[in-house]
Amino acid sequence: MIYLELFFGFLRVGCFAFGGAYGAIPLIRDVVLSYGWLDDEALSCMIAVSESTPGPIMVNLATYVGSSQAGLPGAVIATTAVVLPSFLVILLVTAVLKTLLHHRYVQAVLGGLKPCMAGIILATGVTMILGNLTGPAERAVVDLPSVDLPSVILMALLGGILLAVKKIRKKKLSPITTIIVSAVLGMVVYGFG
Amino acid sequence: MKQQRILFDLLLTFLKIGLFTFGGGYAMISMIGDSCVEKKKWITQDDMMNITVIAESTPGPIAINCATFVGYQQAGFAGALTATLGIVLPSFLIIYAISMFFDHFLEITVIANAFRGIRIAVGFLILDAGLTMKKKMPRKLLPQAILGGSFAAMLLIGIFSWNFSSISLMLLAAAVRLAVCAIEERNAGKGGVKP
């Protein structure tokens, strides 16, 4: 029964995928390959598409695999299954959060987690920017001799625009506008590059 | 009536966030911060930080966790459901269309170029989310040390592609902070001085 398989397969992904999308990819691979839904090559291609299109990678992969296995119902079932665990967990956490937050040890744990989180996110941003400088092939590997010139130009242009807007309008460019500007810049710069 | 307006507002806001979130969860933080903290004032920056930490320590995509949290805060269960649906729907429709019609989606040059451009913006957005969080950290030794330490550790992990998950790093930070808290308390108990 493909619907049940999809449901439980992606429920498992939703339950155990800690630490964001990149932590989840090995788990998704494991589930998808063990059911024989996609082969390795199709999966790699799909991961690339999921990374490029908007939305959480995990959800995108679930939609794609579900649709490729059992059409629209499959896509709906797989997507629901992958979202369900985090939805329920957050509902539960939010319901008890207000009282829990005042607890001394919870405060202490959060006091450790928050700066750590900030550090992780900063490092992820820096790693990603460094990775982008070397072009699309290698992620997170800094290899100075193979710096990708169009990417450097694009990054300088985008950075310049962001700074200029912040200076002139005294307000940051909204993330959505930033995305749109970068997409247009990408078409232009890489188109000629 | 008022409830309906809030639900509609939630749906619209999260549809927009869902449509423009590229590159996974951390970029989403910047997007949600812009919409829910600065524009709509649904949650505070501190709420945002709490939920980021909770999202990262619970399974599932950060985006879903954040949407569920904000929706619940605004309008209870119905709000949580609406916001989550809103954030999932755009990518669901896009991926469904791709899986139906475009087998070689990324081989179209213009699209591939646009996505390469977006990747660059995503790096900036993540950096911005990190800087915003850093600004909110108390200027005390311990938080700053944890921040610096985890930044350095994560950078090394990223550059050398080590197999060490961010979850382990977070557990370590929580343990350190908890230990310091316990020691402080014991000292305070002995000396009778409360900090």
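Listed cross-link partners A:Lys167/B:Lys16; B:Lys2/B:Lys40; A:Lys171/B:Lys40; A:Lys114/A:Lys171; B:Lys41/B:Lys134; B:Lys2/B:Lys136 are compared with a 22 Å cut-off, the Cα-Cα value being larger for A:Lys167/B:Lys16; A:Lys114/A:Lys171; B:Lys2/B:Lys136.
A P(r) calculated from all alpha carbon pairs of the stretch A:3-82, with 5 Å bins opening at zero, reads 3, 18, 31, 30, 16, 2 percent. Taking trypsin sites (Lys or Arg not before Pro) across the stretch B:138-179, the ones in a DSSP loop with at most 11 further Cβ atoms lying within 10 angstrom of their Cβ are B:Arg139, B:Lys140. Its alpha carbons give chain A an Rg and a Dmax of 20.5, 60 Å.
Give the cross-link partners of B:Lys140 among the aspartates and glutamates, using a straight C-alpha distance below 19 Å as the criterion and excluding same-chain residues fewer than 8 apart. Output for B:Lys140: B:Asp46, B:Glu184, B:Glu185.
Just to be sure I follow the definition: excluding the sites themselves, where is the longest run in chain B that has none of the chymotrypsin sites (Phe, Trp or Tyr not before Pro) in a DSSP loop with at most 13 other Cβ atoms within 10 Å?
Details: sites that count: B:Phe102, B:Trp162, B:Phe164.
Free of exposed loop sites, the longest segment is B:1-101.
Determine one quarter of the surface area of the Cα convex hull of the stretch B:138-195, which equals its mean projected area, and express it in nm² to one decimal. If you can, show how the numbers build up before the last one.
Details: hull surface 18.2 nm².
Mean shadow area of the hull around the Cα atoms is 4.6 nm².
Using just its DSSP H runs of length 4 or more, each adding -39500 (n - 2.57), chain B gives a mean residue ellipticity at 222 nm of -27500 deg cm²/dmol after division by all residues.
Return the Rg/Rh value of the stretch B:1-112, two decimal places, where both radii are evaluated on C-alpha atoms and Rh is the Kirkwood radius.
On the way: Rg = 15.1 Å, Rh = 14.7 Å.
Computed over Cα atoms, the ratio is 1.03.
Computed over the alpha carbons of the stretch B:103-164, Rg followed by Dmax gives 17.1, 53 Å.
For the protein assembly as shown, the Kirkwood estimate of the hydrodynamic radius, built from every pair of different alpha carbons, is 21.6 Å. Mind grabbing the base-10 log of I(q)/I(0) for the stretch A:42-127 at q = 0.12, 0.14, 0.15, 0.24 Å⁻¹? Debye formula, identical points on the C-alpha positions, no solvent, two decimal places. So the normalised log intensities are -0.61, -0.75, -0.81, -1.08.
Apply the Kirkwood formula to the stretch B:67-180: the hydrodynamic radius equals the inverse of the mean of 1/r over all pairs of different alpha-carbon atoms; give it in Å with one decimal.
On the way: mean 1/r = 0.0547 Å⁻¹.
Taking every pair of different Cα atoms in the stretch B:67-180, averaging 1/r and inverting gives 18.3 Å.
Using R0 = 41 Å, the C-beta based FRET efficiency linking B:Glu38 and B:Phe164 works out to 0.75.
Filter the DSSP H helices in chain B by two things, a Kyte-Doolittle mean of at least 1.6 and an axial alpha-carbon span of 27 angstrom or more, and list the hits by number.
On the way: long enough: B:2-20 (28 Å, 0.86); B:62-101 (38 Å, 1.47); B:109-135 (40 Å, 0.97); B:141-160 (28 Å, 1.91); B:166-191 (38 Å, 0.85).
Those that clear 27 Å and a mean of 1.6 are B:141-160.
Working from the pairwise distances between different alpha carbons, so that the mean of 1/r is found and then inverted, what is chain B's Kirkwood radius in Å? Provide the component values of the computation, followed by the final result.
On the way: mean 1/r = 0.0519 Å⁻¹.
19.3 Å is the Kirkwood radius here.
Each value in this text was obtained by applying a stated rule to the coordinates, not by laboratory testing. The structure presented is a predicted model; accordingly, all values stated were derived computationally and were not measured. All Cβ positions, even for glycine, are placed from backbone atoms using ideal geometry, and neighbour counts span all protein chains on display.
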